[in-house]
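Visitor: Please find one structure pasted underneath; my questions will follow.
Each value in this text was obtained by applying a stated rule to the coordinates, not by laboratory testing. As the structure is a prediction and not an experimental result, all values here were calculated from the model. Positions of Cβ are backbone-derived with ideal geometry, glycine not excepted, and every protein chain shown enters the neighbour counts.
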Amino acid sequence: MHKPPHVIEIYLQPGEYWFGDEDTRIRTILGSCVAITLWHPHKRIGGMCHFMLPARNHQSRAGPAPTMAPDGRYGDEAVRLLCEEIERSGSCATEFEAKLFGGGRMFRPGPQRLHRPGAMTRDSATDSIHDRNIEAGRELMRRHGIRVVAEHLGGLGHRQVVFDIWSGHAWMKHTPLPAETVSQLEEHGDVL
């Protein structure tokens, strides 16, 4: 994991993406978010996105959503931004290899609410964001015809990811949740 001295290092915050050449290393830290790395094995170019939600909610009572600039916080838009960079490089998305990381369960489930007499339920929109992010990442790769060569998704805890564009290698460190948090999840029947 030695970095040559001329290589720039980029740290991605949630909602950011970066596309660069072989003089680039990209880092990020993930919880329920998903990071996708894309790498061209012959040109040694590639990038990474770090998205928080699968897609933007365009539903509005006032009518259709206005046209907005793509936002990297949303998986579909983050991948579109990377694909625009790929096109600018004179390449095709199907020439790239993908690796997917993240989608971990990070918190104790949300409060229960009464759904019908005698039954309790959780807010599925917040309790399953990690699963929805995982499925969105996989589906986006299928939709764009990008081959997934590796993934480390789901489970409990967070991940640190380092992606070296000069080699296409990605390193990942998974840190599980503390035992106390896992016990609380098990009590609620929410361990994956």
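Visitor: How far is it, in nm, from the label point at Ala150 to the one at Asp21 when both lie 7 Å from their Cα along the line to the Cβ?
Guide: Each label point lies 7 Å from its Cα, and together they span 2.5 nm.
Visitor: What nm value, rounded to one decimal, do you get for the distance between His169 and Ser128 when each label is placed 7 Å out toward the C-beta?
Guide: Each label point is offset 7 Å from its Cα along the Cβ direction, giving 3.9 nm.
Visitor: For Met68 and His2, what is the calculated FRET efficiency with R₀ set at 30 Å and r taken between the beta-carbons, to the nearest 0.05?
Guide: The formula returns an efficiency of 0.10 here.
Visitor: Gain in length, Ala55 to Gln160, computed as 0.36 nm per residue apart minus the alpha-carbon separation, to one decimal in nm?
Guide: So the chain would gain 35.5 nm between Ala55 and Gln160.
Visitor: Taking other Cβ within 10 Å of each residue's Cβ, how do Ser128, Ser32 sort, fewest first? Don't skip to the end; give the middle numbers.
Guide: Working: Ser128 16, Ser32 22.
Exposure proxy ranking, most exposed first: Ser128, Ser32.
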